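Enquirer: My structure is below; once you've seen it, I'll send some questions.
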Amino acid sequence: MSVRVESPQQKIRVMIQAFVCGVLLSSVSSSSSWAFSPTEEGSDGEALYQAHCARCHEGQVKRAPHRDVMSRLPAVMVLHSLERGRMKFLGMARTNHERRALAEWITGKQLPPPTEKDETVAGFCADAPGEFVVEAGAPQWNGWGVDVFNTRFQSAEAAGISAEQVPHLKVKWVFGLPMDFRVSQPTVVGGRVFIGSLQGRIYSLDAKTGCLYWSVKTATGVRATPVIDNLPATTPPRYVVYVGDAAANVYALDARTGKELWKAQPPVCDHGR
Ligand code: HEC
């Protein structure tokens, strides 16, 4: 896919479906623990535990601490395990609300109220939200597989560097994400890096300096790679970030500002990563 040519809406739709379903099918076959049932408010910790945890934590799996043992843990410790500890791959399939309901029910203790403060939402660019301009022929890596066949082939022209230059690259900046494991692969378009995190955020960074243009919260973790395309019939052209989360929500965000244009849960799929 490319944002350099105006692409018909149809193509975008096919891309999104292929992207959501392709990723999703693999998760269906891998394990039934990836059964997603996102509910926001009123999550029932006991029901969630029975559906997603009980099969290992009632003595069946030796290494898994028994529920009696877990009930003596502080609630934040269980939450931490689901968010960034050993249970994060189960936790990422649940919404923030569900993870909290699980931690509170298992331990029988109340968590402190969630705080809106997020240490990753810092280091804003001085000109945020800035301009978002995609120059014809400028280097980019758009989406996971680069093209619709997922060949992951990047020509020297599209990369802006040659293969010989690769061993001589040096780290210019580092942006710390809360979970250091299996974040989404970054997309680079229009001089910006777009990346999702398992903690449920999408970031738009300046590719040159690493400063933050925007960050938006998603319902649950994001492991999918964002795809950028232009919004048809806009002058000057506006661009959209398409990305899916672990609960199979698909988001269309304004690439410049991060503003949500729409959010959908395609009926064709029940599962997502
Ligand atoms: C497929 C089996 C399996 C399932 C399902 C499972 N766990 Fe675990 N869990 C384990 C194992 C095994 C360990 C021990 C990990 C280790 O020691 O490396 C563990 C450890 C933990 C711990 C101890 C802290 C830690 O991070 O090691 C907590 C808390 C926990 N699980 C919570 C949960 C919750 C909540 C769920 C449901 C959302 C769940 N687990 C689902 C197998 C499972």
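Enquirer: Quick one: which residues, 5+ away or cross-chain, put their amide H under 5 Å from the amide H of Ala93? H built at 1.01 Å from N.
Expert: For Ala93, whose amide H was placed from the backbone, there are no distant partners under 5 Å.
Enquirer: Another one. Excluding same-chain residues fewer than 8 positions from Lys172, which aspartates and glutamates have a Cα within less than 13 Å of its Cα?
Expert: Asp206
Enquirer: Go from 0 up to the bin containing the longest alpha carbon distance in the stretch 156-206, width 10 Å each, and give me the % of pairs per bin.
Expert: Going from the shortest bin to the longest, the percentages are 19, 45, 31, 5.
Enquirer: Quick check: Cα centre of the stretch 204-268 to Cα centre of the stretch 110-185, how many Å?
Expert: Computed from Cα coordinates, the inter-centre distance equals 13 Å.
Enquirer: How long is the gain from Leu261 to Gln50 if the chain were fully straight, where each residue apart is worth 0.36 nm and the alpha carbon distance is subtracted? Intermediate values should be presented prior to the final figure.
Expert: Numbers: separation 211, 0.36 × 211 = 75.96 nm, distance 3.63 nm.
That pair, Leu261 and Gln50, stretches by 72.3 nm at full extension.
Enquirer: Give me, ordered by chain and number, the residues 5 or more places off Thr220 or on other chains with an amide H under 5 Å from its own placed amide H.
Expert: Counting only residues 5 or more places away or on other chains, the set is Ala246, Ala247.
Enquirer: List the residues whose amide H sits under 5 Å from the amide H of Phe124, counting only those 5 or more places along or on another chain, with H placed 1.01 Å from N in the peptide plane.
Expert: Those lying under 5 Å, H to H, from Phe124 are Leu212.
Enquirer: For Leu169 and Ser71 in one chain, what is 0.36 nm times their gap in residues minus the Cα-Cα distance, to one decimal in nm? Write out the running numbers ahead of the final one.
Expert: Numbers: separation 98, 0.36 × 98 = 35.28 nm, distance 4.92 nm.
Gain on extension, Leu169 to Ser71, equals 30.4 nm.
Enquirer: Separate question: With a sphere of radius 12 Å drawn around the Cβ of Thr218, what net charge do the other residues whose Cβ falls strictly inside it have (Lys, Arg +1; Asp, Glu -1)?
Expert: Values: positive: Arg201, Lys217, Arg223, Lys263; negative: Asp245, Glu260.
With Lys, Arg at +1 and Asp, Glu at -1, the neighbours total +2.
Enquirer: Which loop-located GluC sites (Glu not before Pro) does the stretch 110-172 contain, where loop means any DSSP state but H, G, I, E or B and the Cβ has at most 15 other Cβ atoms within 10 Å? Intermediate values should be presented prior to the final figure.
Expert: Numbers: sites: Glu116, Glu119, Glu131, Glu135, Glu157, Glu164; in loops: Glu116, Glu119, Glu131, Glu135.
Hits after loop and neighbour filter: Glu116, Glu119, Glu131, Glu135.
Enquirer: Running Debye on the stretch 192-231 with equal point scatterers at the Cα sites and no solvent, what base-10 log of I(q)/I(0) appears at q = 0.19, 0.21 Å⁻¹?
Expert: The computed values of log10 I(q)/I(0) come out as -0.55, -0.66.
Enquirer: Within the set Lys88/Lys109; Lys88/Lys170; Lys62/Lys217, which residue pairs have Cα atoms separated by over 29 Å?
Expert: Numbers: Lys88/Lys109 20 Å; Lys88/Lys170 31 Å; Lys62/Lys217 37 Å.
The answer is Lys88/Lys170; Lys62/Lys217.
Enquirer: Another question, then. As an exercise, use a Förster radius of 35 Å and the Cβ-Cβ distance of Glu131 and Gln185 to find the FRET efficiency, rounded to the nearest 0.05. Each step should come with its number before you reach the end.
Expert: On the way: r = 25 Å, r/R0 = 0.71.
Between Glu131 and Gln185 the formula returns 0.90.
We did not get these values from a lab; they are worked out from the coordinates using the rules stated. Computed from a predicted model, the values in this text were never measured in an experiment. Using ideal geometry, Cβ is built from the backbone for each residue, glycine included, and neighbour counts are taken over all protein chains shown.
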